[in-house]
Amino acid sequence: MFWGIAIIAIGTIVLLNAMFGLNLPAIRILVGIFIVFLGLKVIFGSSWRHGHHHEGWSKSGGGSFVFSSGESKPKSMSELEEGEFNVVFGSGTLDLTDLEDYSTGLSVNTVFAQTVIILPGDVALAPKINSVMGSVELPEEAQGTGEKKLDIRVNTVFGSTKFIRQKQ
């Protein structure tokens with residue numbers, strides 16, 4: 001709880017300085033809001049725990065890495081919380097080669113981080129990409145060789161997201 005309060009205090013100070021000081025850049029307000037949000041998440045997010053296969057703190061469920069790095073290899077979309085994979089201030093790998101059902105859409109969010117998504121060779125990719133000051137690298141062959149299709153939304157902010165197609 002201490003760290004949550006400390007993060008909220010730092011974010012509030014940044015916001016107050018940005019809001020009442022003159023000629024301060026707008027990016028400080030965004031950083032302050034992000035820090036306050038992160039602090040609230042630490043305090044009220046009771047499902048935060050030390051990850052089993054991860055370095056640092058990660059949110060339970062295998063779908064989020066915050067200030068940490070790790071790999072998630074789900075067998076079903078239900079293993080990812082609300083169909084999302086999030087990496088914030090760290091690095092994460094999402095291995096979809098064992099996924100059994102591709103009918104549900106997936107959202108991948110990368111913020112100040114690096115994400116690698118491993119796809120099987122027989123899955124077609126239907127991406128919707130949003131990137132702000134970041135990069136998204138798609139595989140050379142987006143269609144795949146089979147009839148399975150993955151609808152995926154990729155949001156990358158100040159980071160990189162890379163798709164790798166597994167050879168069969």
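FYI, it's all coordinate maths here, none of it is from the lab. Worth saying up front: this structure is predicted, and the values here are computed from it rather than measured. Methodologically, a virtual Cβ is constructed for each residue, glycine included, from the backbone with ideal geometry; neighbour enumeration extends over all protein chains shown.
Modelled label positions at PHE20 and GLU79, each set 7 Å beyond Cα in the direction of Cβ, lie 5.0 nm from each other.
Estimated at 0.36 nm per residue, the fully extended path between GLU71 and GLU140 surpasses their Cα-Cα distance by 22.5 nm.
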